[in-house]
Amino acid sequence: MSRPLLSLAITVWVSILTFPIQAVSRQRVAAEIAGHMQIIKGPDLESATDKSAIIRWTTNTGSTRIEHSVVHYGTDPKDLSRRAESLNRWNQNLPYMIHRVSVMNLTPRTTYYFKVESVRGDGTPLGGSSRTISQFTTR
Amino acid sequence: MCRTSLVLLCVVCLVVLGAVMITRGVSAQNASSSIYFPYPTGIIPSDLVPEIQRVNREASLIEAEGIAQWNALPKNSGTALRQVQLLGKIELFDKNLSVNKNQACSFCHMPYAGFSGPIPSVNLGPVAYPGSSHFRFGKRKPQSYTYSPFYPVLQFNTAQANFYGGNFWDLRATGFLLQSPDAEQAQDPVRDSQEMGSPDSACIVRRLSQSAYRKVFETVWGPQAFVINWPSNVDQICATPAGAAVLGGNPTPVNLTPVDRGRSNATFDQYALAITAYEGSPDVSAFSSKFDAFLAGKYTMTADEMAGYNLFRGKGNCNSCHLDGRSTTLTPSQSDDGNAADVAPKFTDTTSANLGLPKNPVDPFYFETTPDSFGFTPNPAGFAFTDLGVGLFLRNLSGTTPNSDWTPLAPAFDGFMQVSTARNVDMRPKCPNGKTFPKAYMHNGYLKSLKEVVHFYNTRDVFPFDVTSGNCPAGTKEKVNCWPTPEVPQTKDMTIGKLGLTPTEEAQVVTFLKTLTDGFTTPYPDSNTFTGSCP
């Protein structure tokens, strides 16, 4: 086999063999970021109008300066495909972080089911996710 | 020709000449006395004209002081930094850099108000300031120069999906060319139709070349600065306000050769760099507050100041945007060791945020829906104009974004405005009658005191009402227990809105904010130049 072809083959094999490791590394980084943050209070309904709501919860820490706090919700607990997201900034002096999300364009007198989580601006999951489904009702 | 004919000819010539002069004089008088005033009663303060004259007198005195400082300065390589700073100062207080030679940059940014708005009645009412063309108005509160050079070149952080840096409320002074957002900011108001109103950057260079301090400029930047062949109509063009129909939308109506245009552009950049040198100097960005003395161990805070500081970096969560330099990551077993990580904290993280402020309906910009005498209509949309802030800039609706990759990000940044420094929020002059000089806060000046600011952060989501300003329901009081609906609700930052502070705690935060006023460790230059009165 010629030298360039041999180099190419080695490169290809090394990439194939190490790709799962690289993918696992990325997952591991994301998991590591996600693993630190846990919900310690809530999520609860902070307030509701007929068409909007504010959901609030507390985690034991933040993990990035500008967090995107996310509410996945829907009127059917099996379908939480609607999404509301708000920015919350992490005060690193405090041993907790409060997350608040404004959910808009809702229907009056309707019960919504939801779960929460935190993500980084680029979508990387940060953890602090709900373990169970919660609910609230608009006025 | 016989004598009678000669006399007759002279008389005819004089009559014709006189007629031409009178006609021109009347035309000029008509143009200058055709005041643009599309505002209903009560929007524009009745003391505006004498107040404009007052501020212009104050600015002229400071300009003269700058020139005197220059004259007294030995000129050598060891004073080169001070030279460029003083040039910047002289430029900022020069009213001849406006189209009608009646408004310096500092007209809207006077030192005694933290280099922000100097007219009490304007701060309490329209918030935006009148421009060189009377009476076009700007649309936003004049920002403070102090610490503005410390914002970095605008960049997008992909991990956080957020912008850092840039100047102006909407970050449109990116700094991408001069590598200084603050310098690029200085190039805008001089050409803004609502502000100093020159129709062409070359006009600022022309006025600098005609100035009393031309030699100062040439000493700092070199004798080539004004080597430009000006067209014969340059002064006529430069006396025409930006946006005038006769200019036909041409951003460079002064006809220069490509090389002269290049020279003019370079000189315009140098004008801007001198300004940022001054604004970054200890004359403006002093780091001389009580808080700076506290960080140096030379000031002991009072109990209320310390309580306010603990709230600022604790429950109030103010330091998550207004960085106090104490960003120590705490684990449960760790405690704050009290040492500042940053001995010169800027009290801003240089990002932007949508605070969910309501529209301010007395902004004069909303009423500028008809053409002025130059055929220019500042705001055809009227009240339909929504200030999307950074979103406007990203869509090229306010300035031009130098990176088209950013434009699709606009909806996520609608309503975002620059995170101002918290430093000098309480810098205001002493009033002769002992009252408090009023300042306006936020991009639209909706909030009129630090107490209102803190109360808004604390209770925006506790007292929300789906009304516009001025229409709070009976039984409520706007800004106390009624906050009108946000101008841009969908992207409002939820870090604030329900902080859980008691009224005492709100007052303590305000007390702490007052420790951020420069002029404690050393006197703040020109802070005693206010000659007006307070309501």
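The values are calculated or read from the model by the stated rules, or taken from the named source; none is laboratory data. Note that the structure is predicted; figures quoted are calculated from it, not measured. Don't worry about glycine lacking a Cβ; one is built from the backbone with ideal geometry, like all the others, and counts go over all protein chains shown.
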Looking only at segment B:438-452, which residues are part of a helix (DSSP H, G or I) and either among the basic types (Lys, Arg) or without any contact (Cβ under 8 Å) to a residue 12 or more places away in the chain (or both)?
B:Lys451
Quick one: is B:Ala440 modelled with pLDDT of 95 or more and farther than 27 Å from B:Gln187 by Cβ?
no
Given the conditions (1) within 22 Å of the chain's Cα centre (by Cα); (2) away from every other protein chain (no Cβ under 14 Å); (3) of a type in the set (Asp, Glu), which single one is not true for B:Asp372?
(1)
Taking segment A:80-101 and keeping only residues that are hydrophobic (A, V, I, L, M, F, W, C) and either facing chain B (nearest Cβ under 7 Å) or surrounded by fewer than 17 Cβ atoms within 10 Å (Cβ to Cβ) (or both), one is left with A:Leu87, A:Trp90, A:Leu94, A:Val101
What residue, among those in segment B:158-176 that are over 16 Å from the mean Cα position of the chain (by Cα) and touching a residue at least 40 places away in the same chain (Cβ under 8 Å), is nearest to the other protein chains (Cβ to nearest Cβ)?
B:Ala161
Counting only residues in segment B:458-471 that are touching a Cys at 6+ places or on another chain (Cβ under 8 Å) and within 12 Å of chain A (Cβ to nearest Cβ), the one nearest to B:Arg313 (Cα to Cα) is identified as B:Phe463
Residue within segment B:499-514 that is among the small types (Gly, Ala, Ser) and closer than 23 Å to A:Lys51 by Cα present
no
Scan of segment A:94-119 for residues that are farther than 22 Å from B:Gly497 by Cβ and among the charged types (D, E, K, R), ordered by number:
A:Arg109, A:Lys115
Take segment B:472-495 and flag every residue that is more than 9 Å from chain A (Cβ to nearest Cβ), part of a loop (DSSP other than H, G, I, E, B) and at negative phi.
B:Cys472, B:Pro473, B:Ala474, B:Thr476, B:Lys477, B:Val480, B:Asn481, B:Pro484, B:Thr485, B:Pro486, B:Glu487, B:Val488
Taking segment B:402-431 and keeping residues among the aliphatic types (A, V, I, L, M) and either touching a Leu at 6+ places or on another chain (Cβ under 7 Å) or in a loop (DSSP other than H, G, I, E, B) (or both) leaves B:Leu409, B:Ala410, B:Val419, B:Ala422, B:Val425, B:Met427
Can you tell which of B:Pro181, B:Pro130 is touching a strand residue (DSSP E or B) at 6+ places or on another chain (Cβ under 6 Å), closer than 26 Å to B:Tyr36 by Cα, at pLDDT 95 or above and surrounded by 18 or more Cβ atoms within 10 Å (Cβ to Cβ)?
B:Pro130
Considering only segment B:229-236, I want to know if a residue exists there that is at pLDDT 95 or above, more than 14 Å from every other protein chain (Cβ to nearest Cβ), closer than 26 Å to B:Thr401 by Cβ and surrounded by fewer than 19 Cβ atoms within 10 Å (Cβ to Cβ).
no
Can you find a residue that is more than 27 Å from B:Asp324 (Cβ to Cβ), modelled with pLDDT of 95 or more, touching a Lys or Arg at 6+ places or on another chain (Cβ under 8 Å) and surrounded by 13 or more Cβ atoms within 10 Å (Cβ to Cβ) anywhere in segment A:110-120?
no
Answer yes or no: is there a residue in segment B:60-72 that is among the charged types (D, E, K, R), buried (at least 24 other Cβ atoms within 10 Å of the Cβ) and under 29 Å from B:Pro45 (Cβ atoms).
no
Criterion violated by B:Gly470 - all others in (1) crowded, with 19+ Cβ neighbours inside 10 Å; (2) more than 27 Å from B:Ser281 (Cα to Cα) satisfied:
(1)
Sole exception among (1) touching a residue at least 60 places away in the same chain (Cβ under 8 Å); (2) surrounded by 24 or more Cβ atoms within 10 Å (Cβ to Cβ) for B:Asp200, by number
(1)
Would you confirm, using the coordinates I've provided, whether B:Ala173 is closer than 21 Å to B:Glu279 by Cβ, hydrophobic (A, V, I, L, M, F, W, C) and either modelled with pLDDT under 95 or out of contact with any Asp or Glu (no Cβ under 9 Å at 6 or more places or on another chain) (or both)?
no
Among residues of segment A:110-139, those that are within 12 Å of chain B (Cβ to nearest Cβ) and among the aliphatic types (A, V, I, L, M), counted:
2
Could you please give the count of residues in segment B:432-480 that are within 16 Å of B:Ser116 (Cβ to Cβ) and of a type outside the set (D, E, K, R)?
14
Look at segment B:343-392 and say how many of its residues are in contact (Cβ under 8 Å) with a residue 40 or more places away in the chain, hydrophobic (A, V, I, L, M, F, W, C) and part of a helix (DSSP H, G or I).
4
Looking for something of a type in the set (A, V, I, L, M), assigned to a loop (DSSP other than H, G, I, E, B) and out of contact with any helix residue (DSSP H, G or I) (no Cβ under 6 Å at 6 or more places or on another chain) - is there at least one such residue anywhere in segment B:453-468?
yes
The lone exception for A:Thr107 - which of (1) more than 7 Å from chain B (Cβ to nearest Cβ); (2) closer than 27 Å to B:Asn310 by Cβ; (3) hydroxyl-bearing (Ser, Thr, Tyr); (4) outside any strand (DSSP E or B) it fails:
(2)
Which of the residues that make up segment B:459-479 are under 27 Å from the mean Cα position of the chain (by Cα) and of a type in the set (S, T, N, Q)?
B:Thr468, B:Ser469
Of the residues in segment B:261-301, those that are surrounded by 18 or more Cβ atoms within 10 Å (Cβ to Cβ), farther than 13 Å from B:Ala186 by Cβ and among the charged types (D, E, K, R) come to B:Arg263, B:Asp283, B:Lys290, B:Asp292
Unmet criterion (only one of (1) polar (S, T, N, Q); (2) buried (at least 17 other Cβ atoms within 10 Å of the Cβ); (3) in a strand (DSSP E or B)) for A:Gln135
(2)
I'd like the residue in segment A:64-79 that is outside any strand (DSSP E or B) and at the interface with chain B (Cβ under 10 Å from one of its Cβ atoms) and, out of all such residues, is nearest to the chain's Cα centre (by Cα).
A:Thr64
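To keep it simple, each residue is scored yes or no on (1) surrounded by fewer than 18 Cβ atoms within 10 Å (Cβ to Cβ); (2) touching a Lys or Arg at 6+ places or on another chain (Cβ under 7 Å).
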| residue | (1), (2) |
| --- | --- |
| B:Pro486 | no, yes |
| B:Thr491 | no, no |
| B:Gly497 | no, yes |
| B:Glu505 | no, no |
| B:Thr511 | no, no |
| B:Thr515 | no, yes |
| B:Thr521 | yes, no |
